[in-house]
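S.K.: Please see the structure below; I have some questions.
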Amino acid sequence: MKTFSLIGLVGLVFLACPSEPSPVPDPELELIARGREIFFNETFAGNGRTCGSCHPAENNFTLDPSFIATLPADDPLFVAEFNPDLAQNFENPRLMRQFALILENQDGFDDLANNFNMRGVPHILSLRTSVDSRQGPRTGWSGDGAPGDGSLRAFATGAVIQHFTKTLNRIPGVDFRLPTEEELDALEAFQRSLGRQADLVLPLPLKNPVAARGQEIFNDPASGKCFFCHFNAGANASPEVFGEGAGNLNFNTGVENLPDQPPDLTGELVPPDDGFGTPGNGEFNTPSLVEAADSGPFFHNNAVQTIEAAVAFY
């Protein structure tokens, strides 16, 4: 009798004691997790590619020839090499493997043989710091990479149409399926979560004297002037020069005029890249410098391989 009473008492005490509260689900974290799943696993019923095919996390969300060389021959990145329907005017396998250049039809799909650009893959780190700019969103190397409203959210739709299609017909529901509203929300949340969530504040207390001197030059309006376009070494323009809240801007820096660009070294015929707009005005988008050391090659056309060469150009 006493045994049953003791058991009953313990049970009552257990029921009376408050249990550990269950963690409250964070809708934003759940959306980010969903976006990550889509980014790396969803093919959108297309040619096998995912967003991660061109933006692999293990390579700082970008591509370079060394990383590409590690991929198996049947990787979806190389779909133009083994899918006859994409053998022409979808990618240039030679330029992809040698220079990590991806074919883009920035100005439409009307004349695929002649109307295209070859561009490097920009990393997608720290987008939150610059994508919402005063003059509107700037996505892709020329700042006009997204269809519709040009937003980061809409960018995924353009990417699926451009890069995921089974044939050059690019018919939704046949060659791929378009992302749903929920998927667009999740992909945007995931991309915004990557990398720095705020800009640095220069000058930093650097201990290396060479780096400290470089920072002085970077922020000197008379010598380096780098901070004009890369305020605090980010992707936003200086409010002192371009006004408060200038945000992420496009500029024509003359990179397209560099001699011996990657395609020139192979004899491949590639049209000039005219940058932002249709027809283009020669301007390209300003990337962040904080992540630059681990995300080369550099410029929209992968024209230079090192930070030193990029600095020497300017």
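The values are calculated or read from the model by the stated rules, or taken from the named source; none is laboratory data. Small disclaimer: the values here were computed from a predicted structure and weren't measured. Don't worry about glycine lacking a Cβ; one is built from the backbone with ideal geometry, like all the others, and counts go over all protein chains shown.
S.K.: Under 30 Å from N281 (Cβ atoms) and either modelled with pLDDT of 95 or more or exposed (fewer than 15 other Cβ atoms within 10 Å of the Cβ) (or both): does that describe F90? Walk me through it before giving the result.
M.R.: On the way: under 30 Å from N281 (Cβ atoms): yes; either modelled with pLDDT of 95 or more or exposed (fewer than 15 other Cβ atoms within 10 Å of the Cβ) (or both): yes.
When the stated conditions are applied, F90 passes them.
S.K.: Which helices (runs of 4 or more DSSP H) sit wholly inside region 17-118 and have at least 3 residues that are out of contact with any helix residue (DSSP H, G or I) (no Cβ under 8 Å at 6 or more places or on another chain)? Give the derivation first.
M.R.: Numbers: elements: 27-41, 51-54, 65-68, 79-82, 93-99.
Those helices (runs of 4 or more DSSP H) span 27-41.
S.K.: Under 8 Å between Cβ atoms, at least 6 apart or on separate chains: pull out the pairs that start in region 208-222 with a residue that is of a type in the set (D, E, K, R) and end on any residue that is at pLDDT 95 or above.
M.R.: Note: pairs meeting the criteria are E216/P203.
S.K.: Can I ask one more? For region 112-132: of the residues being hydrophobic (A, V, I, L, M, F, W, C) and within 17 Å of F61 (Cα to Cα), which is nearest to the chain's Cα centre (by Cα)?
M.R.: Taking region 112-132 first, the residues hydrophobic (A, V, I, L, M, F, W, C) are 112-113, 116, 118, 121, 124-125, 127, 131.
From what's left, within 17 Å of F61 (Cα to Cα): 121, 124-125, 127, 131.
Details: V121: 7, I124: 3, L125: 7, L127: 8, V131: 11 Å.
The extreme case among them is I124.
S.K.: Of (1) within 27 Å of S238 (Cα to Cα); (2) within 20 Å of the chain's Cα centre (by Cα); (3) exposed (fewer than 13 other Cβ atoms within 10 Å of the Cβ), G148 satisfies all except one. Which?
M.R.: (1)
S.K.: So, one more: Which ones in region 249-273 are touching a Gly at 6+ places or on another chain (Cβ under 8 Å) and either crowded, with 21+ Cβ neighbours inside 10 Å or in contact (Cβ under 8 Å) with a residue 40 or more places away in the chain (or both)?
M.R.: The initial filter retains those residues of region 249-273 that are touching a Gly at 6+ places or on another chain (Cβ under 8 Å), namely 250, 252, 256, 273.
Answer for region 249-273, where residues must be touching a Gly at 6+ places or on another chain (Cβ under 8 Å) and either crowded, with 21+ Cβ neighbours inside 10 Å or in contact (Cβ under 8 Å) with a residue 40 or more places away in the chain (or both): N250, E256, D273.
S.K.: Okay, moving on. Considering only region 263-314, how many residues are outside any loop (DSSP other than H, G, I, E, B), over 24 Å from D144 (Cα atoms) and not charged (D, E, K, R)? Don't jump to the end; show me each part of the working.
M.R.: Within region 263-314, the first condition is being outside any loop (DSSP other than H, G, I, E, B), and the residues that meet it are 263-265, 284-285, 292-294, 298, 304, 307-313.
Adding the requirement that they be over 24 Å from D144 (Cα atoms) leaves 264-265, 293-294, 307-309, 311-313.
Restricting the remaining residues to those that are not charged (D, E, K, R) gives 265, 293, 307, 309, 311-313.
So the count comes out to 7.
S.K.: Kindly establish whether A33 is at pLDDT 95 or above and either over 26 Å from K166 (Cα atoms) or basic (K, R) (or both). Outline the logic, then answer.
M.R.: Details: at pLDDT 95 or above: yes; either over 26 Å from K166 (Cα atoms) or basic (K, R) (or both): yes.
It is true that A33 is at pLDDT 95 or above and either over 26 Å from K166 (Cα atoms) or basic (K, R) (or both).
S.K.: Looking only at helices (runs of 4 or more DSSP H) that lie completely in region 171-243, which have at least 1 residues being within 30 Å of A312 (Cβ to Cβ)? I'd like the intermediate steps shown before the answer.
M.R.: On the way: elements: 181-193, 209-218, 239-242.
Once the helices (runs of 4 or more DSSP H) in region 171-243 are filtered for at least 1 residues that are within 30 Å of A312 (Cβ to Cβ), what remains is 209-218, 239-242.
S.K.: Now for a separate question. Which residues, counting only those in region 229-244, are over 22 Å from G145 (Cα atoms) and touching a residue at least 40 places away in the same chain (Cβ under 8 Å)?
M.R.: Looking only at region 229-244, we keep the residues that are over 22 Å from G145 (Cα atoms), and these are 231-233, 238-244.
Across region 229-244, the qualifying residue is only A233.
S.K.: While we're looking at this one, here's another question. Being more than 23 Å from L152 (Cβ to Cβ) and under 19 Å from the mean Cα position of the chain (by Cα) narrows it down to one of I32, I68, so name that one. Talk me through it step by step, then tell me what you get.
M.R.: Numbers: I32 fails: more than 23 Å from L152 (Cβ to Cβ).
Every option except I68 fails the conditions.
S.K.: Would a scan of region 75-87 turn up a residue that is surrounded by 20 or more Cβ atoms within 10 Å (Cβ to Cβ) and touching a residue at least 60 places away in the same chain (Cβ under 8 Å)?
M.R.: There is no residue in region 75-87 that is surrounded by 20 or more Cβ atoms within 10 Å (Cβ to Cβ) and touching a residue at least 60 places away in the same chain (Cβ under 8 Å).
S.K.: Here is a follow-up. What are the pairs, 6+ residues apart or on separate chains, where a residue within region 174-194 that is within 15 Å of S130 (Cα to Cα) has its Cβ under 9 Å from a residue that is β-branched (V, I, T)?
M.R.: The qualifying pairs are A189/I32; Q191/I124; Q191/V131; R192/I32; R192/V131; S193/I32; L194/I124.
S.K.: Can you say whether N114 is farther than 17 Å from V160 by Cα, polar (S, T, N, Q) and surrounded by fewer than 21 Cβ atoms within 10 Å (Cβ to Cβ), as far as the supplied structure shows?
M.R.: Working: farther than 17 Å from V160 by Cα: yes; polar (S, T, N, Q): yes; surrounded by fewer than 21 Cβ atoms within 10 Å (Cβ to Cβ): yes.
For N114, the condition - farther than 17 Å from V160 by Cα, polar (S, T, N, Q) and surrounded by fewer than 21 Cβ atoms within 10 Å (Cβ to Cβ) - is met.
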